[in-house]
Amino acid sequence: MELPVDERLMMWPSCRAAMEEQKENRPVYPGGGEEDELCRTLGTMELPGGGKARGPSEVQDDPGIHCAKSTAGAFSDPVYKEIAFANGCVNRMSKEELRAKLAELKLDTRGVRDVLKKRLKNYYKKQKLKEPSDSDAYYDYICVIDFEATCEEGNAPEYIHEIIEFPIVLVNTRTLEIEDTFQRYVRPEVNTQLSQFCINLTGITQELVDKADPFHLVLQSAVEWMREKELGTKFKYAILTDGSWDMSKFFNMQCHLSRLRFPQFAKKWINIRKCYGNFYKVPRNQTKLTMMLEQLGMIYDGRLHCGLDDSKNIARIAIRMLQDGCELRVNERLHSGQLMTVSSSLPFEGAPVPHIMELKN
């Protein structure tokens, strides 16, 4: 018979010392910081009955809230103290111990130490809470989009970027696999001749864009492809990008140039950089694509700055984050042409059915 979670943890030397301290009624965490650690640990946990504890940043933003209050009511159930103790044990494990334990549990062993800790903590949290996952509430699919656009070395502020590659990678959130891809090159209509810098950076040649359709036809093809996948009708979905620029700048600017109304389905999206930084507690300057892959123990597959290859690698990160227990949520939107943040407390609302938008007058 399998040992309970906390008993299995006690097999590790780094955890036994903690248990001895607890037996003597001393603080489990160095410096007597048990209360602070509990607040950090419990801040992101789902509560029985569907509520959610306020995260550390929310507590810090509200001076009227003290950590002790967070643990007194909803977290009075002993299970949360058991989870906090398990997290303390995980924090003490070396990278080798973490990998060994993850391998024993048949979980992924790749990544830097902070990633491994997060993965193991999420496993123990799920084991302790045993909350039934409401799979119907989450997105069925995630559409990863990473445009390539015209550019010059040292772009002037007034430079007009035009989309020249339109890729979509469809991630099935149930199977955690890339299910299909879409890719079209786009013929620019303002900067019709690509700079040599742009060609070298993206690998997109002048011949490719000269043979391509203009943006409004490519967008129509993308929308038809998404509708064939029954996105927004049978399946709930969300757009995911690597940063804010793809939708708020490139797509927004391109729709204006092509005299198109900004499509409703693209007005909200998941900025994976924000999700990654918040989930793994990584500074925002360490959330570039290649850095995120490296921290997760992966290497870039394909050609950097190829839109389809970039999208596939972003999808790999998204899949790993879902495996590690992260709920990738819509966190940005475009409102009246302005980039805005979407609250993480909102329910999982899928993007609407993709529609072809009429030309502006």
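Across every direction, the projection of the convex hull enclosing the Cα atoms of region 140-180 has a mean area of 3.9 nm². Distance distribution P(r), region 277-361, all Cα-Cα pairs, bin width 5 angstrom from 0: 3, 11, 16, 19, 19, 16, 10, 4, 2, 0, 0 percent. With one equal scatterer per alpha carbon and no solvent term, the Debye-computed log10 I(q)/I(0) for region 183-328 at 0.09, 0.12 1/Å reads -0.33, -0.60. Dividing the C-alpha radius of gyration of region 223-284 by 2.2 N^0.38 Å, with N its residue count, gives 1.34.
What is the calculated FRET efficiency for I356 to A137, with r their C-beta to C-beta distance and R₀ = 45 Å, to the nearest 0.05?
FRET efficiency, I356 to A137: 0.95.
Remark: spin-label model distance N172-Q286 equals 3.5 nm, labels positioned 7 Å along the Cα→Cβ axis. Using alpha carbons only, the radius of gyration of region 198-249 set against its Kirkwood radius gives Rg/Rh = 1.07. Multiplying the residue separation of T205 and E96 by 0.36 nm and removing their Cα-Cα distance gives an extension gain of 34.6 nm. A Förster radius of 41 Å, combined with the Cβ-Cβ distance separating E294 from H335, puts the computed FRET efficiency at roughly 0.75.
Using only Cα coordinates, the Kirkwood hydrodynamic radius of region 251-317 works out to 13.8 Å. The mean sequence distance of close C-alpha pairs (under 8 Å, at least 6 residues apart), as a share of the length of region 151-276, puts its relative contact order at 23 percent. So what's the Cα pair-distance distribution over region 151-245, bin width 5 Å, in %? P(r) over region 151-245, rounded to whole percents: 2, 11, 19, 20, 18, 13, 9, 6, 2. For the set K128/K268; K117/K312; K95/K268, the pairs lying more than 28 angstrom apart at their alpha carbons are K128/K268; K95/K268.
Read-outs throughout are calculated quantities, based only on the coordinates presented, and are distinct from any laboratory measurement. Because the structure is a prediction, the values reported are computed rather than measured. Note that we place each Cβ from the backbone using ideal geometry, even for glycine, and neighbour counts take in every protein chain shown.
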